[in-house]
Structure formats: structure tokens, C-alpha cells
1. If only Cα atoms are counted, what is the Rg of the stretch 129-300, and what is its Dmax, in Å?
2. Would you kindly calculate the mean projected area, averaged across all directions, of the convex hull enclosing the Cα atoms of the chain, in square nanometres?
3. What does the helix-only formula give at 222 nm for the chain: each DSSP H stretch with n ≥ 4 adding -39500 (n - 2.57), the total divided by the residues, and the result rounded to the nearest 500 deg cm²/dmol?
4. With contacts defined as alpha carbon pairs under 8 Å and 6 or more residues apart, what's the relative contact order of the stretch 57-134 in percent?
5. Which of the peptides 207-216, 49-58 is most tightly packed, and how do the rest follow, judged by the mean count of other Cβ atoms within 10 Å per residue?
6. Which percentage, to the nearest 5, of the DSSP beta bridges contained in the stretch 264-375 is antiparallel?
7. Of the DSSP beta bridges with both residues in the stretch 129-300, give the percent that are antiparallel, rounding to the nearest 5.
8. Over the Cα atoms of the stretch 268-374, how large are the radius of gyration and the largest Cα-Cα distance (Dmax), in Å?
């Protein structure tokens, strides 16, 4: 199969879909890989590393798309890239279609492509393997970000997470006890902060308490408990999981934000699915935060792009088995073989096969089982 790796065009998106080692594996399986010149430079990968792995360097964005049957990307294609898509091309990226514009989704459908979202690859037990990989690093990153945003030059309260002798530590409130929330909890505790962890699922809280061997406060994520926790929070981390590509639930109202301390910090990691805080709006790595209602908001959808070398390697490690299946088996055979991959298909050859996206945008919905070639 012909595989094209274009350079990412979104400002601040410096990650790459495949590493040289992943490319080497694909070439050893008999596939042709075309990578746009300079695509890996921001992740400190030189073109020579890809040519040594067996890839061919192409020198235009259009050619990286045009030569490919399968396009592994980091972000969904931007408006300028839609014209470069070919009918029956397979796009594999963080799609986050629930946060896209309706005309963008319709344009992808009109092109007749297949769109597969990393974020909704779902195992039989309900876990999201690629999301889990990024949640692990994002959870730890949240505390790096929080420490920075608490500094006065960012509009923060001017406090340290761990306090100081005779000075109490910061209060960190985390909503969501999944992988991201638990990793953020461990990072906060490691820095000396006090942590309150909330989740709607008591079983998740129970698992978190078994896994985390330091004292934390837990509570169910009811509106009342959230409002109380926010009243004393120095940092709020939104770590809620979103399944099936749906929009994130709105769990923190403007009124709750208004009741927080002046200079407190909100990190809304659900912003790539629309955000879970009423006052959130997407920001960028180059301009990551803003102050609303006296509270610092960090709402970067691709926060792990700030560590692109690590992010690229994590993505390549997590996605390569699925890329290999598609390339080795062909699209339909791979989808039949890999139910987790099939669950991640939102558009199949121009047809919407994700019920949440169809309902959100008023699109015709066709189950994937009715579209796929089962011969």
C-alpha cells in the first residue's frame, strides 16, 4: 500500500504520525512510504532518518497526499487540505469531528474518503488504547502547565503547587478518575499539592484509591460537590473521558467559574471535544491561556504537541499495529479483523457511520456493517 505522511499545518502542531522506526517496519512489510520533506524537523527527526528507514522524501504537501492510499496524520485535514483528498483515500488521525464545523464534515464526506479517528479506537472492554497512551503523558503535563499558569505573569495566584515551609500547598481539584485523572493526581501529589478527585463513577474512585498510595479526598461528581470543590480550588483539571466521538459534557458552568478564587487555573483537557467548562474556548500552544471571570484558562486541544518528540513516538507506537493491519490486509479486511478499529470509523467511503456525529450534524447515518465488503 502507498502511505503518505504530510507535514502538519496547524500552528503549534509539531508532532508526526509515524517515526522512522515505524516507517522501517512498514517498508519491511512491502509498503511504500512517502514523507513530505521537513515533516519531522520539529520533532527532531531529519529527512535522512526516514530515507534510511526506506521512505521516499517528496517536496510538496500536495504530493504527500496525492501519492497515498493511506494518510496517517496527527490532526484532521484543514480546509486547504480538503482539496488534496482523493476519493477512497483513508485518513487516520485525531478526527474530533464533534468539535469540527458541519461544512468541514460534509466536505470530507463529499470527497468519498474514509475517516478513522485515533481517539475512538475502542477495545472490547471499553478502553481507548491510543487515548490512554496520550492520557498518560497529558496527565503529567497538566501539572507542568498548572505550575506555570499559577505564576503572576500568566495571571495566576502567584503560588507554588507544593507550598513552602510554613506555607500550605495548593489545592488541586481533578474531575475524572480515568488514566489522565489518575496520572495528574500522582503528579500533583509528587509536587506536594493537596488533591480532591471527583468522578461520577464510584467504582472509578475506588480503583483510583487502590492505585494511589497517598491520601487524597474523593467525591462523586455531582453539581453540588463540583461547586464546593471549585470554591477552594487553586487548580481545576478537567479529565473527563468522551467515548464514540461525542461532544464533551458541560459540567462546569460560568457561575461555578465565577465562584472560584481570583487567579485560580482551569485546564480543560476536554477542549478537543468541545470543552467541559462553559467559559472554555480553544487556545494554541503559542498563545495557550486567557483569563475569564478572573480565572486563568488553559485550553490547548493538542497540549502534548508541546513535547513533540515524545508525542510522536507515543503516537507511532500506539497506532502502528492498526496502520499495519490496514496496509497488510486492506481496509475492509482490517476492519473485519479488528473490531476496535471498526469502531473508530466515522466516515466510510463518504457515508457517515458514526451515530453521534450523524445526530449532531443532521447527517444520514448508515451502520458500518451495511457498508463494509464482507467477502
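Taken together, the values in this text are just the output of simple stated rules run on the coordinates, not laboratory data. Computed from a prediction, not measured in an experiment: that's the story for all the values here. Don't worry about glycine lacking a Cβ; one is built from the backbone with ideal geometry, like all the others, and counts go over all protein chains shown.
1. 14.5, 47
2. Values: hull surface 75.1 nm².
Directional mean of the projected Cα hull area for the chain stands at 18.8 nm².
3. Details: 14 runs with 132 residues, N = 375.
Helices in the chain give a 222 nm mean residue ellipticity of -10000 deg cm²/dmol.
4. Values: 94 pairs, mean separation 19.9, N = 78.
Reported as a whole number, the value is 25 percent.
5. Values: 207-216: 13.0, 49-58: 17.6.
The packing order, highest mean first, is 49-58, 207-216.
6. If we restrict to bridges inside the stretch 264-375, about 60 percent are antiparallel.
7. 20 percent
8. 18.2, 56
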